[in-house]
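For reference, the structure is listed below as structure tokens.
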Amino acid sequence: MSTYRVAVLAGDGIGPEVMHEALSVLSAVEQKYGFSTQRVEKPVGGAGIDACGKALPADTLAACEAADAILFGSVGGPKWESLPPEERPERGALLPLRTHFGLYANLRPGVCLPELSAASPLKDNLIAGGFDILCVRELTGGMYFGKPKFYGERGGELVGLDTMIYHRYEVERIGHLAFCAAQKRKHRLCSVDKANVLNASILWRDVMTELSAQYPDVELSHMYVDNAAMQLVRNPGQFDVIVTENTFGDILTDEMAVICGSLGMLPSASLCTRSGRTFGLYEPSGGSAPDIAGQGVANPIAQILSVGMMLRHSFGQVQAANAIDNAVRAVISAGYRTRDLASGAQGEQVVGTSAMGEAILNAIV
Ligand code: IPM
Ligand code: MG
């Protein structure tokens, strides 16, 4: 029987509550599909700061090093907001994990199920039938990490400086990954850039165009990021796979998340290749939602679907991953809604975190 090692970092806010449900669902599919996991739970984010003074304690990082995948909850909250920016849970834990493991590819699926269209802020006629977008965001380059970086006095004036830089190899590797993802979907790839202004984007566009010769079965298009932000709310159904650089991807994926109905629905995977295998950090796209933490009302679906992505991408347990995706669809079809998804329509049953987790667990076949 295959056994996989999972570093479980639940973090702050709603993280522990939704993680609890996700781990129950994981146990259920393990039994059903004949594999097992060895889980090591470690503090991260604010919990790491409280336990050992650091958002990413050395012991937590060591557990991630020893694992086949990282299952991450969410980090941050008002308690740690007065810390210096680089010590706060978000920057002190997530960004170092991304750089340490070189997690360059961030997959964020944006699926709006037809049953949840009422929860989307878009008008019905714009999302008729729902939509299904995959955003492939470059995660270890661009302005987040480009040097020089500076904040301070220069020439008697306070300045802040960040650098947007891309190297050819960075665009190539994310490009290949995005083209391959499109081959498994509807064979359409939209590369988003700002090539009318930025040099990093001209490089991006040139490399994507060049790569497209190797993928004749994928239709490549290019779109400026300002237009893409607008097209997402005007006609989201036009997109299949989107590939874009780090900062643009950060912004567009929040937009994509909200038009899907709820941040509580969207999982994500941050991937790299490690010892010849796909290693990843799997986490919900939404944040730690401190305002509703501890109330038992948070939506556990994004965390549960993140388990599904882990099974699919890092462990190759595709059937188990499909079973999770199908179970989520089944409970949504059956009318189960956490508070964030409720529209007041007939047939809806508003449930809390654990009842939603349990319904999904029971729907696993
Ligand atoms: C995200 C988040 C992070 C980012 C923050 C918390 C550093 O917004 O994963 O989208 O900007 O990448
Ligand atoms: Mg973001």
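The values are calculated or read from the model by the stated rules, or taken from the named source; none is laboratory data. Treat the numbers as computed from the prediction; the structure is a model and nothing was measured. Note: ideal-geometry Cβ built from the backbone for every residue, glycine included; neighbour counts use all protein chains shown. These accessible areas exclude ligands, DNA and RNA; they are computed on the full protein's heavy atoms, side chains included. Shrake-Rupley method; radii C 1.70, N 1.55, O 1.52, S 1.80 Å.
Backbone geometry of region 213-223 corresponds, through the Karplus equation with coefficients 6.51, -1.76 and 1.60 at θ = phi - 60°, to 3J(HN,Hα) couplings of 4, 7, 10, x, 7, 10, 8, 9, 10, 10, 9 Hz, x marking Gly and Pro.
Once both labels are positioned 7 Å from their Cα atoms along Cα-to-Cβ, the gap between Ala118 and Asn196 label points is 4.0 nm. For region 275-365, the set of trypsin sites (Lys or Arg not before Pro) satisfying both a DSSP loop assignment and a count of at most 16 other C-beta atoms within 10 Å is empty.
Looking only at the chain, where both bridge partners belong to it, what percent of the DSSP beta bridges are antiparallel (to the nearest 5)? Bridges in the chain are about 45 percent antiparallel. Among beta bridges identified by DSSP and lying wholly in region 121-259, the antiparallel ones come to about 25 percent. Using a Gaussian network model of the chain whose springs link C-alpha atoms within less than 10 Å, name the residue from Gly110, Gly264, Gly77 with the highest mean-square fluctuation. In the Gaussian network model the winner is Gly77.
Plainly put, region 121-259 has a radius of gyration that is 1.04 times its Kirkwood radius, both from alpha-carbon atoms, as the Rg/Rh ratio. The dipole here belongs to region 121-259: it is taken about the Cα centre, uses +1 on the Cβ of Lys and Arg and -1 on the Cβ of Asp and Glu, and is about 160 debye.
Build a GNM of the chain with springs between Cα atoms under 10 Å apart, and of Pro216, Pro267, Pro57 the one that fluctuates most is Pro216.
Between the listed residues Ile202, Thr273, Ala228, the Cα displaced farthest toward the positive end of the dipole of the chain, a dipole computed from Cβ unit charges relative to the Cα centre, is found at Thr273. Rounded to whole numbers, the Karplus 3J(HN,Hα) couplings from phi for region 283-299 are 8, x, 6, x, x, 7, 6, x, 5, 10, 4, x, 9, x, 10, 5, 7 Hz, using 6.51 cos²θ - 1.76 cosθ + 1.60 with θ = phi - 60°, and x at Gly and Pro. Within the listed set Ser268, Ser36, Ser314, the Gaussian network model of the chain (springs between alpha-carbon atoms below 10 Å) gives the highest mean-square fluctuation for Ser36.
Simple spin-label estimate for His187 and Ala330 gives 3.3 nm between the two label positions (7 Å along the Cα-to-Cβ direction from each Cα).
Loop-located GluC sites (Glu not before Pro) across region 1-86 with a Cβ neighbour count of 16 or fewer within 10 Å are Glu81, with loop assigned by DSSP.
In the context of the full set of protein chains, residues of the chain present 43 Å² of accessible surface per residue (probe radius 1.4 Å, heavy atoms only).
Keeping the other protein chains in place, figure out the carbon and sulfur percent of the accessible area of region 121-259, with a 1.4 Å probe. Roughly 55 percent, rounded to a whole number.
Taking the Cα centre of region 245-365 as reference, the dipole from Cβ charges on Lys and Arg (+1) and Asp and Glu (-1) amounts to some 440 debye. Given their separation in residues at 0.36 nm each and the Cα-Cα distance between them, Val318 and Ala62 gain 89.4 nm when the chain is fully extended. Projecting the Cα atoms of Gln38, Ala93, Ser120 onto the charge dipole of region 20-126 (Cβ charges, centred on the Cα centre) puts Ser120 farthest toward the positive pole. Per-residue 3J(HN,Hα) values for region 264-272, derived from phi via the Karplus relation 6.51 cos²θ - 1.76 cosθ + 1.60 with θ = phi - 60°, read x, 9, 9, x, 7, 10, 10, 10, 8 Hz in sequence order (x marks Gly and Pro). Partnerless cysteines in the chain, where a partner means another cysteine C-beta under 4.7 angstrom, comprise Cys52, Cys64, Cys135, Cys180, Cys190, Cys272.
Placing +1 on the Cβ of every Lys and Arg and -1 on the Cβ of every Asp and Glu, with no other charges, gives region 1-87 a dipole of roughly 280 debye about its Cα centre.
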